[in-house]
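The values are calculated or read from the model by the stated rules, or taken from the named source; none is laboratory data. All values reported here derive from a predicted model rather than from experimental measurement. A quick note on method: Cβ atoms are made from the backbone with ideal geometry, for glycine too, and the neighbour counts reach across all protein chains shown. To get the accessible areas, we keep the full protein, side chains included, count just its heavy atoms, and leave off ligands, DNA and RNA. Shrake-Rupley method; radii C 1.70, N 1.55, O 1.52, S 1.80 Å.
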Amino acid sequence: MKQKDSLLRKIIKHELDNDLSQEYIDDLVLLSYEYRYKKPDSLKLFALRALKNSKDIEYDKGEAGALLRLGDYYSDIGELNVAVEYFEKAKEIAEKENYFSLQVDIFKSKASQELFSGKYREAVLSYYQGITLAQEKNLFEQEGLLRHNLGFFYWSNGLYDDAEKEYLIADSLWVLLGDQRHKAATMSNIALNAIDKKDYELAKRYADMSLAIFKKNQPLWYSRAQRVQSRWYLYQGLYDEAISRNKESEKILKSLNNSRDQLEIDILFTRIYLEIKDLKNASIRVSNAFNIAQEVNDVSSILKCYEYLEKIENQKSNTQQALFYLEQYTYLKDSLNSKIANNSIRLAKAKLDFERSQNKLLLENRKKLEKQKIIAGTSVGLVGLILLILFLIVRNFKTEKNLNFELVKLNNSKNKVFSTIGNDLKTPIGTLQELLNLYKDKSISLDELKNITPRLKENVDYSAFSLNNLLFWAQTEMNIIEVNPETIALKEAAAKVCDLYQHQIQEKKIKVECNIPIDAKVFMDVDHLSIILRNVISNAIKYSHPEHKLTFNTLKSLRTIKIVICDNGIGMSSKLIKEIFDGQNITSKLGTNQEKGTGLGISICRKLLGINGGELEIESELHKGTCIHINLPSYPLNIEN
C-alpha cells in the first residue's frame, strides 16, 4: 500500500511538472503492477499510458515493460492468446536491447500463462530459460521468484520432491538477500507441499511461521496462508476449523481482485463440503468454481470441477447427470494426459541440462582451440590444418544437430499421434466400464441403460474409425501397405460412405447434394478409396454448421477424375493448411457440435492417394467453408510414366 501511494505521488508530481521522462514511464509501469490483484482495470490504464508515452519519446525499455504488464492483465482475465502476443512483443524488444532483468520477468509471466493454458512442456522451458539467464546475470531475487513459481508448478502436477527442491533453493536465496517477505511466501508453499507429502508436522510448523509474518501487511499472501491452514485441518479431519480458515481467506480476498485465488477457495470449499456430505453448499461452490475456471481458461480447474460435479450428482442419485459429468471428466483428463505431461516436464528439464552441458563443453573446446592456435602461430600450415579440422567438426556438429532435430520431430509426431489415439480409445472404454459397474451395482436401471446406449454406440463407432485410421497411418509410415487397384463406381462409393454418416447428417440437418455422374469410374484400391472418402466426408460434416449444405461435384479429364467435396463450415487459414501439408499439425479442432477428431485424416488421405496415383488439394477460407479437391486415376497407371 505504501509503495503504491508513493508511486502515485511521484506520478502526479511528474505530470504537474509536465515531466514525461523515462523515470515517469518507469513509475507508470511499476504502478500498473501494484494494481495487478487490486484493480485490474487500473493496471491496464497505467500500462497503456506508459506504452503511449514510451513510443512518443522512443523509450524501448518503457515500451517493453508496458507490453509485459498488458500481457499480465490479459493472462489474468483469461484472454491467453492476447497475452501471448504482448509477451512476444515485449520479449523481442528486451532481447534486442539486452534488457536482461526484463527478459527474466517476461519468462516468469510467460511460464504462468503457459501453465494456465495446459502447455506444461512450454511452461517448464520458460521457467528454466529465465532461471539460467538470472544465474548468468546474478539476478538473485528474480531467480528466487522463478524457483518459487516453478516449485508451485511441480506441486500442482504432483511432483512433490521436485517442488521441494525448488522451494529450498528459493528459500536459501531469500536468506542470502535477507528478504523476509518472500521467504514467508516460500515457507507457506513448503507447508502446502508438505501436506500432500503427508509430513503434517513440518507443514504445520511452516504454515504457522508464514501466517505470523503475512498478518502485518501482505493481505494476498495472508489469504493464501489461511488456505494452507484450512487444508491442514481438512487432512486432520477437523472440518469446522477447515471451513473457518477458508472463510477467513475469502474475507481477506474480498478487498482484492483475484479470480484465480477465489477459484482455489471455491474448489477447497467444495472438497470440504463433500467430506461432510453437505451437498447443497458443495453444489453452490463447485458452480462458482466452474464459472470462474471457464472465464479464465484454467483447464486443470475445469477438470477438478467435473470430478466434483460427478461425485455430487452420484450422491444425489442423479445417475444420468453423473454419467454426463463422468464423460466430460474422462475426455478432458485424457486430453490433458497428466502422466505424459509430467514426463514432458522431466524431459524438458533433462533437455535443458543436456544443452547446458553441451554449451559448457563447446566453450571449453573453443578455449583449447585458441591455445592451440597461439602455440602454433608460427606455422601457417599447421594453423590451416587446425582451421580445416575445426570446419569439419562444426560441419559435423551441425549435420548431427539437424539429424537429431528431424529425429526428435518425427518421434514427437509419433508420440502425439499415439497419445491422441490412446485418449480417444480410453474415453468411451472408460465410460463403458463405469457404466457397466453402475449397472452391476444396480445404481442404474435397465431402461436407463437402454437410453444411454445410442450415445455410447456413437462413441465406440468413432473409436473403431480412429483405430482403423491409426492402422493405415502405421502401415503407410512403415511402407508395408498393399495396393490392389480395381475399377470402382465413384457415385456408389460416395453414397455408401454418406449412409454411414446418416445419423450425423440428420442430426445437423445438413443437405447433401451429389452431382457425381452415374458412369464416373476410378481405378484404385477400393479400401483406400473408402478410407479417403470417410475421412473427407467426416471432416466436412464435423465442421459444418446445422442446416448447411454439403456438395459433391466432379471434373473429368483424359486419365483422371477430380471429385470436389465442399462445405460452407468454419474453414481453415492458409497457415493451418500449410502446417497440415508440412506434417506439422496433427491436432484436431473440435467440430461445431464439439465432435472430436484425431488429426490424422488428411495425412492418411494424402499418403493413400500418393500410392494410388492420385493427389489432394485444399481450398479454404476462414468462416466461409472448405473444398477438398481429390484427383483420382480413371484408368490403370502407366508404370513407365
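Against the list (1) open to solvent by 20 Å² or more (accessible area, probe 1.4 Å); (2) more than 28 Å from PRO219 (Cα to Cα); (3) modelled with pLDDT of 85 or more; (4) of a type outside the set (Gly, Ala, Ser), the condition LYS119 fails is (3). Within region 182-238, the residues that satisfy the criterion of being free of Cβ contacts under 8 Å to residues at least 12 places away in the same chain and within 22 Å of LYS254 (Cα to Cα) are ALA212, LYS215, LYS216. Within region 482-502, the residues that satisfy the criterion of being open to solvent by less than 90 Å² (accessible area, probe 1.4 Å) and within 27 Å of GLY569 (Cβ to Cβ) are LEU490, LYS491, ALA493, ALA494, ALA495, VAL497, CYS498, TYR501, GLN502.
Among the residues of region 145-157, those that are touching a residue at least 40 places away in the same chain (Cβ under 8 Å) and in a helix (DSSP H, G or I) comprise LEU146, HIS148, ASN149, GLY151, PHE153, TYR154, TRP155, SER156. Could we say that TYR128 is farther than 29 Å from ILE292 by Cα and hydroxyl-bearing (Ser, Thr, Tyr) here? So TYR128 passes the test. Selection of region 545-566 for residues being buried (at least 16 other Cβ atoms within 10 Å of the Cβ), among the hydroxyl-bearing types (Ser, Thr, Tyr) and without any contact (Cβ under 8 Å) to a residue 60 or more places away in the chain yields only THR551. Take LEU202 and decide whether it is in a helix (DSSP H, G or I), over 18 Å from ASP161 (Cα atoms) and open to solvent by 20 Å² or more (accessible area, probe 1.4 Å). So LEU202 does not fit the description; no. Being modelled with pLDDT under 85, crowded, with 19+ Cβ neighbours inside 10 Å and more than 25 Å from ALA203 (Cα to Cα) holds for only one residue in ILE345, ILE292, and it is ILE345.
What about LYS277, is it under 28 Å from ASP72 (Cα atoms) and open to solvent by 30 Å² or more (accessible area, probe 1.4 Å)? No: the conditions fail for LYS277. Would you point out the residue of region 52-90, among those that are not in a helix (DSSP H, G or I) and not hydroxyl-bearing (Ser, Thr, Tyr), that is most open to solvent (accessible area, probe 1.4 Å)? Among residues in region 52-90 that are not in a helix (DSSP H, G or I) and not hydroxyl-bearing (Ser, Thr, Tyr), the one most open to solvent (accessible area, probe 1.4 Å) is GLU58. Of the residues making up region 91-122, those that are of a type in the set (Ser, Thr, Tyr) and either without any contact (Cβ under 8 Å) to a residue 24 or more places away in the chain or assigned to a helix (DSSP H, G or I) (or both) are SER101, SER109, SER112, TYR120. The sole residue among SER230, SER210, SER223 that is more than 21 Å from SER301 (Cα to Cα) and surrounded by 22 or more Cβ atoms within 10 Å (Cβ to Cβ) is SER210.
For LEU256, the conditions (1) open to solvent by 20 Å² or more (accessible area, probe 1.4 Å); (2) at pLDDT below 90; (3) part of a helix (DSSP H, G or I); (4) more than 27 Å from GLN328 (Cβ to Cβ) are fulfilled apart from (3).
Please specify each residue of region 158-173 satisfying the condition of being part of a helix (DSSP H, G or I) and surrounded by fewer than 24 Cβ atoms within 10 Å (Cβ to Cβ). Correct list: TYR160, ASP161, ASP162, GLU164, LYS165, LEU168, ILE169, ASP171, SER172, LEU173. Of all residues in region 501-517, none that is within 23 Å of HIS629 (Cβ to Cβ) has its Cβ atom under 6 Å from the Cβ atom of a residue that is open to solvent by 90 Å² or more (accessible area, probe 1.4 Å) and among the hydroxyl-bearing types (Ser, Thr, Tyr), 6 or more apart or on another chain. If you go through region 34-51 and keep only what is open to solvent by less than 90 Å² (accessible area, probe 1.4 Å) and either over 32 Å from the mean Cα position of the chain (by Cα) or not charged (D, E, K, R) (or both), you end up with TYR35, TYR37, PRO40, SER42, LEU43, PHE46, ALA47, LEU48, ALA50, LEU51. Any chance region 24-33 includes a residue that's in contact (Cβ under 8 Å) with a residue 60 or more places away in the chain and open to solvent by 30 Å² or more (accessible area, probe 1.4 Å)? Looking for residues that are in contact (Cβ under 8 Å) with a residue 60 or more places away in the chain and open to solvent by 30 Å² or more (accessible area, probe 1.4 Å), one finds none in region 24-33, hence no. Please verify whether ASN138 is part of a loop (DSSP other than H, G, I, E, B), open to solvent by 50 Å² or more (accessible area, probe 1.4 Å) and closer than 19 Å to ALA64 by Cβ, treating the condition exactly as stated. It is false that ASN138 is part of a loop (DSSP other than H, G, I, E, B), open to solvent by 50 Å² or more (accessible area, probe 1.4 Å) and closer than 19 Å to ALA64 by Cβ.
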